[in-house]
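Can you read through this structure? Questions will come right after.
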Amino acid sequence: MRLAFAFIGSALLMLVFGFGISFDVEHVRYATFDLDRTPESRVYLEQFAGAPRYFRQMPPVRSVEDALHRMQSDSISLVLEIPPNFGRDLRKAAIPEVLAEADGADTFRGETITQYVQSVQDKMLRDPANELQTPPQKYTANFQDRYMYNPTFESVYAMAPSIPPILLILIPAILMAISVVREKELGSIINFYVTPTGRLEYLLGKQLPYIVIGMINYFILVAMALVVFAVPIKGSFLVLTLCTLLYVTATTGVGMVISTFTSSQVAAVFVTTVLTMLPTIQFSGFMQPVSTLLGRAKVLGSIWPTTYYMHASKGVFTKGLGLDLWAQDLIVLACIIPILWAVSALALEKQEK
Amino acid sequence: MNSLLNILWLGLKELRSFSSDLVMAFFVVYSFSGAIYAQATGTSSEVNNASIAFVDEDGSALTKQLINAFYPPRFQTPELISASEVETTMDQGRFMFVVAIPPRFEADLRAGRHPDIQLNIDATAMQQASIGGGYIKNIVNDRISSFFRRTDASAQPPINLVIRRLFNPNGVSSWFTSVVAIINQVTLLTVVLTGAAVIREREHGTLEHLLVMPLNAFEIAMAKVWANSLVILVATGASLYLIVMKALEVPFAGSIPLWFSGVLLYLFFATALGIFLGTISRSMAQFALLIIFVNVMLQLLSGGSTPIDSQPVWMQYMTFFLPSRHFVSFSQKIIYRGGGIEAVWPQFTMVAAVGLAFFVYSLALFRKSIAVTK
């Protein structure tokens, strides 16, 4: 029952995130504040209305207060203000200013919006048929963007390989921690105290079934990536499976370590979620590359097993990496396992205090 | 009156059992201090320390200038590679961006042509890829135009576009991430604490102790709501003041009492959700799985990680029922944009409505489960 639940839950999350999470900023709601009202200002503003994928026009702004008010209530995210005499200055080549005010409350979105505005203007000025009666701008280069590993720049290609690393640590770690602490709480751990079972024997015996569960979960998630999201595996499936085996062993090991210093199931659930959620989602290369993290986040990210498995998973799915490129992930994951074993074996008491 | 007293005493009992668990208390403190600080200072959607390389097939004075335009902290010092190395170095993940400048680049520009620059972007890191790509284009075109302005005044663009970012003029992403981090911790801890409090009583059999006393389900549930909310509220307040406002120096544009009223509404929802999850799960392991699924969902779809507007439309309709989305939204409005009650009342209403629905439903469930144990 619990097993079915874990599998269905993971599959569901994979679906939701694969289809639902996207970094594409589109249909930005904007309003114009045209203080000039000349043919030139209208031509300028029309360029934005002409990019409906990125900009969606809302009723124009009447005053500065109106603009601020509508920005505050989030009904618009961008105001384009054309100053008086814009048209005249443009004809006299006096370089008029246009003010674009973007909502920066969400920093990523704000930054993206300002870049869109800049590129609309750049494109307009370069276009000889732009009706602004300015000579087409000289001295600009054309950029040909080439998005490697994700040619259409779709979020699903970045998401599908990133979800399994997240689920394959959160679920195995917590189940493992609970399973050991449960014995402590219910008292059945007495069997371990009174029999000559070694510490490592006991722990590995507890770990094995959860590694199996993790692997089954992995096969389900990979099947979904292939079938539902049509994200192909460019590299070697065998390598990814090997990495997963090491990874799941490591992540159940994390749960094992936590189980040694918690004594109630409540505390085990609590500590595991608090400890694993943050580094897994924020510091492991899911949201941003680990190399661009700073300070303690970077330290945490570089010792967290998810970082290496995330790299391997993205690499095998999208890049088709060769041996030399995933070897590091494999080695690091393999090294983490005995450390976790050693820590838990040392911390597990053979006698109740 | 009697009922209120019961709720008060039961709540104090909750607080006592919480404070006797040192491990839990320690992790609550950590979640609202170290965890938030590390996330706010360590992660950013800005481009930072990005690795970049150039393929310079022109070798002119201009391209030297372009390469020099990229420097730390935003970019690592650029490396020069040959055209044949682009694929392998990017496969290895050595560079996020590789800019390839074609032969005769400067000469073409001088002749009034628009030569192509190839910009290779590692698109597996989507946020950095799109923002960093934009930076590179702006920096390159700025440099080109200032390079030629020395000899030709018409190199200047005929319109000067002034871009201002309202509410966060320098685009410091710790302003946003710190508050999102608090929101995530509030959700996680409140749900776990309340839900666990319900399960613990059941597994230890102390629920029966409560039931033989003259108490009803509403009182038991309400006591858990206020006690756990209080713990989180105090932690949130301390975290907002010490970490966000003092250590990270994030300005608070709107009204602090208004924001805390919103937090209270949200805590009501989160505790109700905790009781709900604690009541429907039959074992701790089941509860743990539910916690993970629900929290990952509440966190990643709240608009704190990726903008709500970027979600597909059908998804936006679904996330409309997630109170965490409204929590992020009203926090943005109050903390950064300085909006008042007239700007945030729709979010407040929605959080309260979902919270109330959960509370009423889980109270009924809780009653039923108690009746069964009776």
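The values are calculated or read from the model by the stated rules, or taken from the named source; none is laboratory data. The structure displayed is predicted, hence computed values, not measured ones. Methodologically, a virtual Cβ is constructed for each residue, glycine included, from the backbone with ideal geometry; neighbour enumeration extends over all protein chains shown.
Which of the following residues is within 12 Å of chain B (Cβ to nearest Cβ) and out of contact with any strand residue (DSSP E or B) (no Cβ under 8 Å at 6 or more places or on another chain): A:Ile258, A:Ile336? Show your work before the answer.
Values: A:Ile336 fails: within 12 Å of chain B (Cβ to nearest Cβ).
Going through A:Ile258, A:Ile336 in turn, the sole match is A:Ile258.
Residues that are under 23 Å from A:Ala342 (Cβ atoms): find the helices (runs of 4 or more DSSP H) completely inside the range A:149-261 holding 3 or more of those. Lay out the reasoning, then the answer.
Numbers: elements: A:155-159, A:163-186, A:190-194, A:199-227, A:237-261.
Here the list reads A:163-186, A:199-227, A:237-261.
Here are some conditions: (1) within 18 Å of A:Phe270 (Cβ to Cβ); (2) surrounded by 24 or more Cβ atoms within 10 Å (Cβ to Cβ); (3) within 14 Å of chain A (Cβ to nearest Cβ). B:Glu203 meets all but one. Which one does it not meet?
All conditions pass for B:Glu203, except number (2).
Would you pick out the residues in the range B:137-195 that are in contact with a Ser or Thr (Cβ under 9 Å, 6 or more places away or on another chain), small (Gly, Ala, Ser) and within 21 Å of A:Pro128 (Cα to Cα)?
If the condition is that a residue be in contact with a Ser or Thr (Cβ under 9 Å, 6 or more places away or on another chain), small (Gly, Ala, Ser) and within 21 Å of A:Pro128 (Cα to Cα), then B:Ser145, B:Ala155 are the ones that fit.
Scan the range B:86-96 and tell me whether some residue there is closer than 30 Å to B:Val244 by Cα, part of a helix (DSSP H, G or I), at the interface with chain A (Cβ under 9 Å from one of its Cβ atoms) and in contact with a Lys or Arg (Cβ under 7 Å, 6 or more places away or on another chain). Steps first, answer last, please.
Filtering the range B:86-96 for residues closer than 30 Å to B:Val244 by Cα gives none.
No, the range B:86-96 has no match at all.
Next up: Kindly indicate the residue of the range A:63-75 that is touching a strand residue (DSSP E or B) at 6+ places or on another chain (Cβ under 8 Å) and in a loop (DSSP other than H, G, I, E, B) and also nearest to the other protein chains (Cβ to nearest Cβ) among those meeting that condition.
Going through the qualifying residues, I end up with A:Asp74.
Please work out which residue is surrounded by the fewest Cβ atoms within 10 Å (Cβ to Cβ), limiting yourself to the range A:1-32 and to residues that are out of contact with any helix residue (DSSP H, G or I) (no Cβ under 6 Å at 6 or more places or on another chain) and part of a strand (DSSP E or B).
Across the range A:1-32, the extreme among qualifying residues is A:Arg29.
So that you can scan it fast, the table gives a plain yes or no per residue for (1) over 26 Å from A:Val271 (Cα atoms); (2) more than 10 Å from every other protein chain (Cβ to nearest Cβ):
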position: B:Met315; (1), (2): yes, no
position: B:Ser324; (1), (2): no, yes
position: B:Gly339; (1), (2): yes, no
position: B:Leu356; (1), (2): yes, yes
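For the range A:83-115, which residues satisfy the criterion of being of a type outside the set (A, V, I, L, M, F, W, C), more than 16 Å from B:Gly171 (Cα to Cα) and buried (at least 22 other Cβ atoms within 10 Å of the Cβ)?
Taking the range A:83-115 first, the residues of a type outside the set (A, V, I, L, M, F, W, C) are A:83-85, A:87-89, A:91-92, A:96-97, A:101, A:103-104, A:106-107, A:109-112, A:114-115.
This time we only want the ones that are more than 16 Å from B:Gly171 (Cα to Cα), so: A:83-85, A:87-89, A:91-92, A:96-97.
If the condition is that a residue be of a type outside the set (A, V, I, L, M, F, W, C), more than 16 Å from B:Gly171 (Cα to Cα) and buried (at least 22 other Cβ atoms within 10 Å of the Cβ), then A:Pro96 is the only one that fits.
Right, next: Any idea how many residues of the range B:151-180 are of a type in the set (Ser, Thr, Tyr) and free of Cβ contacts under 8 Å to residues at least 40 places away in the same chain? Show your work before the answer.
Initially, the range B:151-180 is screened for residues of a type in the set (Ser, Thr, Tyr), giving B:151, B:154, B:173-174, B:177-178.
Those left that are additionally free of Cβ contacts under 8 Å to residues at least 40 places away in the same chain: B:151, B:154.
Number satisfying all stated conditions: 2.
This table checks each residue for (1) surrounded by 17 or more Cβ atoms within 10 Å (Cβ to Cβ); (2) in contact with a helix residue (DSSP H, G or I) (Cβ under 8 Å, 6 or more places away or on another chain).
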{"residue": "B:Trp226", "(1), (2)": "yes, yes"}
{"residue": "B:Leu230", "(1), (2)": "no, yes"}
{"residue": "B:Lys246", "(1), (2)": "no, no"}
{"residue": "B:Phe252", "(1), (2)": "no, yes"}
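Sticking with this one: Would you check if there is a residue in the range A:161-181 being among the hydroxyl-bearing types (Ser, Thr, Tyr), closer than 29 Å to B:Phe27 by Cα and within 14 Å of chain B (Cβ to nearest Cβ)?
Looking through the range A:161-181, at least one residue is among the hydroxyl-bearing types (Ser, Thr, Tyr), closer than 29 Å to B:Phe27 by Cα and within 14 Å of chain B (Cβ to nearest Cβ).
Here's the yes/no breakdown for (1) over 14 Å from A:Asp145 (Cα atoms); (2) modelled with pLDDT of 85 or more; (3) away from chain A (no Cβ under 11 Å); (4) crowded, with 16+ Cβ neighbours inside 10 Å:
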| site | (1), (2), (3), (4) |
| --- | --- |
| B:Gln65 | yes, yes, yes, no |
| B:Pro73 | yes, no, no, no |
| B:Ala100 | no, yes, no, yes |
| B:Leu109 | yes, yes, no, yes |
| B:Asp116 | no, yes, no, no |
| B:Gln127 | yes, no, no, yes |
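Still on this structure: Among the candidates A:Pro279, A:Pro289, single out the residue that is at pLDDT 85 or above and under 17 Å from the mean Cα position of the chain (by Cα).
Working: A:Pro289 fails: at pLDDT 85 or above.
Exactly one residue qualifies, and that residue is A:Pro279.
Report yes if some residue within the range B:140-160 is crowded, with 20+ Cβ neighbours inside 10 Å, within 7 Å of chain A (Cβ to nearest Cβ) and within 17 Å of A:Arg146 (Cβ to Cβ); otherwise report no.
For the range B:140-160, residues crowded, with 20+ Cβ neighbours inside 10 Å, within 7 Å of chain A (Cβ to nearest Cβ) and within 17 Å of A:Arg146 (Cβ to Cβ): present.
Among the numbered conditions (1) of a type in the set (Val, Ile, Thr); (2) at the interface with another protein chain (Cβ under 8 Å from one of its Cβ atoms); (3) assigned to a helix (DSSP H, G or I), tell me where B:Val180 comes up short.
Every listed condition holds for B:Val180 apart from (2).
Please count how many residues of the range A:271-280 are among the β-branched types (Val, Ile, Thr) and at the interface with chain B (Cβ under 7 Å from one of its Cβ atoms).
The first filter runs over the range A:271-280 and keeps only residues among the β-branched types (Val, Ile, Thr), leaving A:271-274, A:276, A:280.
Then keep just the ones that are at the interface with chain B (Cβ under 7 Å from one of its Cβ atoms); that gives A:271, A:273-274.
Within the range A:271-280, residues that are among the β-branched types (Val, Ile, Thr) and at the interface with chain B (Cβ under 7 Å from one of its Cβ atoms) number 3.
Just wondering, is there one or more residues in the range A:96-111 that are in a helix (DSSP H, G or I), more than 7 Å from every other protein chain (Cβ to nearest Cβ) and touching a residue at least 40 places away in the same chain (Cβ under 8 Å)? Outline the logic, then answer.
Here is the first cut: in the range A:96-111, the residues in a helix (DSSP H, G or I) are A:107-111.
If we keep only those that are more than 7 Å from every other protein chain (Cβ to nearest Cβ) too, we end up with none.
So far as the range A:96-111 goes, no, none of its residues is in a helix (DSSP H, G or I), more than 7 Å from every other protein chain (Cβ to nearest Cβ) and touching a residue at least 40 places away in the same chain (Cβ under 8 Å).
Please find, within the range A:34-53, the residue that is surrounded by the fewest Cβ atoms within 10 Å (Cβ to Cβ) out of those that are of a type in the set (Lys, Arg) and not in a helix (DSSP H, G or I). Break it down stepwise before answering.
Of all residues in the range A:34-53, those of a type in the set (Lys, Arg) come to A:37, A:42, A:53.
Retained after the next criterion (residues that are not in a helix (DSSP H, G or I)): A:37, A:53.
Working: A:Arg37: 12, A:Arg53: 9.
Filtering first and then ranking leaves A:Arg53.
Follow-up. Out of (1) part of a loop (DSSP other than H, G, I, E, B); (2) crowded, with 16+ Cβ neighbours inside 10 Å; (3) of a type in the set (Lys, Arg), the odd one out for A:Arg56 is which?
Going through the list (1) part of a loop (DSSP other than H, G, I, E, B); (2) crowded, with 16+ Cβ neighbours inside 10 Å; (3) of a type in the set (Lys, Arg), A:Arg56 breaks only (1).
Here is a follow-up. What number goes with the only condition from (1) outside any loop (DSSP other than H, G, I, E, B); (2) of a type outside the set (S, T, N, Q); (3) out of contact with any Cys (no Cβ under 7 Å at 6 or more places or on another chain) that A:Glu349 does not pass?
For A:Glu349, the exception is condition (1).
Which pairs do you get when a residue that is touching a residue at least 12 places away in the same chain (Cβ under 8 Å), found in the range B:81-104, comes within reach of a residue that is surrounded by fewer than 16 Cβ atoms within 10 Å (Cβ to Cβ) and not in a strand (DSSP E or B), reach meaning Cβ atoms under 8 angstrom, with the pair 6+ apart or on two chains?
The qualifying pairs are B:Ala83/B:Glu57; B:Ala100/B:Glu57; B:Ala100/B:Ala83; B:Ile101/B:Glu57; B:Pro102/B:Glu57; B:Pro103/B:Glu57.
Scan the range B:264-313 for residues that are among the hydroxyl-bearing types (Ser, Thr, Tyr), within 11 Å of chain A (Cβ to nearest Cβ) and surrounded by 23 or more Cβ atoms within 10 Å (Cβ to Cβ) and jot them down.
Initially, the range B:264-313 is screened for residues among the hydroxyl-bearing types (Ser, Thr, Tyr), giving B:266, B:271, B:279, B:281, B:283, B:302, B:305-306, B:310.
Narrowing further to those that are within 11 Å of chain A (Cβ to nearest Cβ): B:281, B:283, B:305-306, B:310.
The one that is among the hydroxyl-bearing types (Ser, Thr, Tyr), within 11 Å of chain A (Cβ to nearest Cβ) and surrounded by 23 or more Cβ atoms within 10 Å (Cβ to Cβ): B:Thr306.
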